[in-house]
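The values are calculated or read from the model by the stated rules, or taken from the named source; none is laboratory data. Since the model is a prediction, treat every value here as computed from it, not as a measurement. Here the Cβ positions follow ideal geometry from the backbone for every residue, glycine too, while neighbour counts run over all protein chains shown.
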């Protein structure tokens, strides 16, 4: 850790606490007319204002108090990116309670563990997700109150939830007059549980101070203002929706809440982006790739030259970034983070002025990098013994992170010392930092391919393979080899289902990889397995294809 030196006391208002209530209160006070556009249950769109939203937030807080919710109580939300979910983002923490982000993609037993481990006292659930909540009850999850969010009368809603209450009925009976308490900024405002491939989910409890500072840093990094229109595509039930609800409110930006959607429904998102003039949206390549394919079908292509697409979860393929820019002018902003980091650690918004004399191809290649650290975050690259490595863009080691919104422990987990080193959180990612300060990930430690004593970057190889015009998605895994310890195997999904000659794949990789690093085997699949948050599940891939070289 580090020593804290106490200097001369200041005369600032250091007792004035940083909390999420301040963000929404200020936005509603200074931009009461600013719009929030949201998807309705019938698939249409409606809108209201910050003033309307804050009025409902105050009433919801009174509803929560009426249900016996107070400081330190945990309240779960099972919902899409909806108007009500957005309101709960503010109302629950305003009482000193904890908003539990309940990941719809978790397996039932894992979601039940999350509800029990967090000791959730009350859960708000959208009507379309009642089966998820009912499955938790069937597993014995003890929640005092279930509140159903629906536009219909409860008499028309069929549910097995015990003593289910109507959100809107409670809201209609509640006053919107309330004096919010001043919440200690070190109190948890929200909780999210990791979705690792091994063991039970681990709890990360975010402080008001952490998310407030994260909001300020992200708003500054993206140059957010009240002239921006933000579409929240990343699920609000995971990783704070990448902090965009808070940074957007900090800037009093206009919001678009797309409700329920699927990756194959990206046409709905694109059309709303066009109609509402969206300037910022967040998502993974699994969302932006289908968007690109839809845009390619349009004869009248939109001007997205103001649009910043914040891309995370996995490295965006260069072909996708180029395609979106060439078609529409949209800028894909690559970022990096994790559930444990609130999540933004680095972002790659454009190339530094000092590097703009580089050839165009080199500049584009640098956009694949995870980018520059957010102000306030410290990053170290260390070897297996904990020795710091040079920032030369070549030396690669584990990425260690420290900062005001990086965790220092997991919730009620005693055995977690191995995830921390000298006050830094160990990311489990392997990367390098170049002389200009840009972070570039090469792999997860558990996914590194070790062949003949040398490392091969699966991430860079995947990105290159996806550059083939007929490749939809690709993953590269290391599998056991009798002579070389491991060899890379590429798993590929093509657009038309046809296989591509191995020599053609090698030609794509030529010049980027040494000949000994090239994969000897390509396997063609209908789809690649993914985790609950949409990342490539290489653990499953290795289990399924680990015997390729067994003979």
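Within segment 10-24, one or more residues are modelled with pLDDT of 95 or more, buried (at least 20 other Cβ atoms within 10 Å of the Cβ) and under 26 Å from residue 117 (Cβ atoms). Screening residue 422 with (1) farther than 28 Å from residue 289 by Cα; (2) within 26 Å of the chain's Cα centre (by Cα); (3) in contact (Cβ under 8 Å) with a residue 60 or more places away in the chain gives one miss only, at (2).
With a cut-off of at least 1 residues that are at pLDDT 95 or above and more than 27 Å from residue 56 (Cβ to Cβ), name the strands (runs of 3 or more DSSP E) lying wholly within segment 170-236.
On the way: elements: 188-193, 203-207, 229-231.
It comes to 188-193, 203-207.
When the residues of segment 477-497 are filtered to those that are in a loop (DSSP other than H, G, I, E, B) and free of Cβ contacts under 8 Å to residues at least 40 places away in the same chain, the one that is surrounded by the most Cβ atoms within 10 Å (Cβ to Cβ) is 484. All told, residue 79 falls short of being on the phi < 0 side of the Ramachandran plot and surrounded by fewer than 15 Cβ atoms within 10 Å (Cβ to Cβ). In segment 365-378, the count of residues that are touching a residue at least 12 places away in the same chain (Cβ under 8 Å), surrounded by 22 or more Cβ atoms within 10 Å (Cβ to Cβ) and farther than 23 Å from residue 331 by Cα is zero.
Looking at this structure, is residue 275 under 20 Å from residue 53 (Cβ atoms) and in contact with a strand residue (DSSP E or B) (Cβ under 9 Å, 6 or more places away or on another chain)? Show your work before the answer.
Details: under 20 Å from residue 53 (Cβ atoms): no; in contact with a strand residue (DSSP E or B) (Cβ under 9 Å, 6 or more places away or on another chain): yes.
Here the answer is no, as residue 275 does not meet what is asked.
If the condition is being free of Cβ contacts under 8 Å to residues at least 40 places away in the same chain, assigned to a strand (DSSP E or B) and in contact with a helix residue (DSSP H, G or I) (Cβ under 9 Å, 6 or more places away or on another chain), then segment 506-551 contributes 521, 522, 523.
Residue-wise test of (1) in contact (Cβ under 8 Å) with a residue 12 or more places away in the chain; (2) out of contact with any helix residue (DSSP H, G or I) (no Cβ under 8 Å at 6 or more places or on another chain); (3) closer than 22 Å to residue 103 by Cα; (4) loosely packed, with under 14 Cβ neighbours inside 10 Å.
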site: 163; (1), (2), (3), (4): yes, yes, no, yes
site: 175; (1), (2), (3), (4): yes, no, no, yes
site: 193; (1), (2), (3), (4): yes, no, yes, no
site: 205; (1), (2), (3), (4): yes, yes, yes, no
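Somewhere in segment 466-476, is a residue closer than 30 Å to residue 192 by Cβ and not in a strand (DSSP E or B)? Yes: one or more hits.
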